[in-house]
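For reference, the structure is listed below as C-alpha cells.
Bear in mind these aren't lab numbers, they're just calculated from the coordinates by the rules spelled out. This structure is a prediction, so every number in the text was calculated from the model and none was measured. When we count neighbours, we look across all protein chains shown, and the Cβ atoms used for this are built from the backbone with ideal geometry, even at glycine.
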Amino acid sequence: MDTQAHWEQIYGTKPPDQVSWFCPHLHTSLALIRRAAGDQSASVIDVGAGASTLVDDLIEAGYANLTVLDISQAAIEVAKNRLGEASKSIRWLRADVTGANLPAHSYDVWHDRAVFHFLTQPAERLAYVRNVAWAVKPGGHVIVSTFGPEGPEKCSGFDVMRYDAKSLHREFGSSFRLIESSKELHHTPFGTTQQFLYCHCTLTQ
C-alpha cells in the first residue's frame with residue numbers, strides 16, 4: 001500500500017472529526033509540551049500532525065516557533081485553512097518523517113501522537129530515531145504517544161505496534177532519558193475507546 005496516497009485519500013475525503021484518532025483538543029500533549037518547554041520561544045515540531053488542533057492550541061498558548069510535519073499535503077491544507085492568517089506563522093513540511101531532511105539540532109521539543117506505532121519494520125523505526133537524534137537539540141525533549149499494550153492492533157487499515165513505557169524507551173535507546181510516562185483512554189468519534197501511551201524523554205547527547 002502506498003502510504004502517502006493512503007493518507008492523501010483519507011484527509012482528502014473524510015471530515016477531520018470523522019477519523020478514529022480525532023480529539024477536539026490534545027490536552028495531554030499540550031500539558032507535556034508546556035512542562036517540557038515553558039519558554040514560549042521554544043522551537044516545537046509536531047510530527048505526523050494530520051489535521052490536529054494541537055497547533056491551534058500552541059498558538060493560543062503563545063508559542064511562536066512552530067513546525068508542523070505530515071506525509072499528507074491534504075492534511076496540511078485542512079489545518080492551514082482552519083487557521084487562516086495564523087497559518088502564515090507556521091513552518092509546514094510535507095514529508096515522511098523516516099526520510100525527512102530536517103535541520104540539525106534545531107528543535108527544543110519533538111512531539112508525535114500516533115505516528116511511531118505505524119512503523120512496523122525495524123528499519124523504519126531506526127530511521128525515525130536517527131532523525132529525532134539529528135533534529136532535536138542536545139538536552140531537548142521528545143514526546144511520543146503510541147497505542148498502549150491494550151490498544152488496537154490495526155488503525156486505518158494498517159498493522160500497528162503496541163508499546164508499554166519500557167518497550168518504547170528501548171526503541172529509542174540510552175541516548176534518551178525517560179522522564180515520565182502515562183496511559184490514556186482516547187474516546188473516538190464512533191463511541192469506542194483506544195488506549196494510548198505517552199512517553200516524555202530528553203535527548204542526553
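The table below lists the values:
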| quantity | calculated |
| --- | --- |
| Cα-projected label distance for His187 with Arg170, points at 7 Å along beta-carbon direction, nm | 3.4 |
| Likely footprinting exposure, His6, His111, His141, fewest C-beta neighbours within 10 Å first | His6, His141, His111 |
| Which of Phe176, Phe190, Phe158, Phe116 has the fewest Cβ neighbours within 10 Å, and the rest in rising order | Phe190, Phe158, Phe176, Phe116 |
| Computed helical MRE - 222 nm, the chain, DSSP H runs ≥ 4 contributing -39500 (n - 2.57), nearest 500 | -9000 deg cm²/dmol |
| Radius 13 Å from Cβ of Gln73, net charge of other residues (Lys, Arg +1; Asp, Glu -1) | -2 |
| Fluctuation leader among Thr188, Thr146, Thr13 - the chain, Gaussian network, Cα springs under 10 angstrom | Thr13 |
| Candidates Gly157, Gly50, Gly148, ranked by Gaussian network fluctuation over the chain, Cα under 10 Å, top entry | Gly157 |
| Region 134-157 and region 159-180: distance between their alpha carbon centers, rounded to Å | 8 |
| Charge sum, other residues only, whose C-beta stays under 13 Å from Arg162's C-beta, Lys/Arg counted +1 and Asp/Glu -1 | -2 |
| Likely footprinting exposure, Arg170, Arg125, Arg113, fewest C-beta neighbours within 10 Å first | Arg170, Arg125, Arg113 |
| Shape call, region 65-170: gyration tensor on alpha carbons, a/c limit 1.5 | oblate |
| The chain: C-alpha gyration tensor shape, a/c 1.5 cut-off, then a/b vs b/c | rounded |
| All lysines inside 28 Å of Lys137 as judged from Cα atoms, apart from same-chain residues fewer than 8 positions distant | Lys80, Lys88, Lys166, Lys183 |
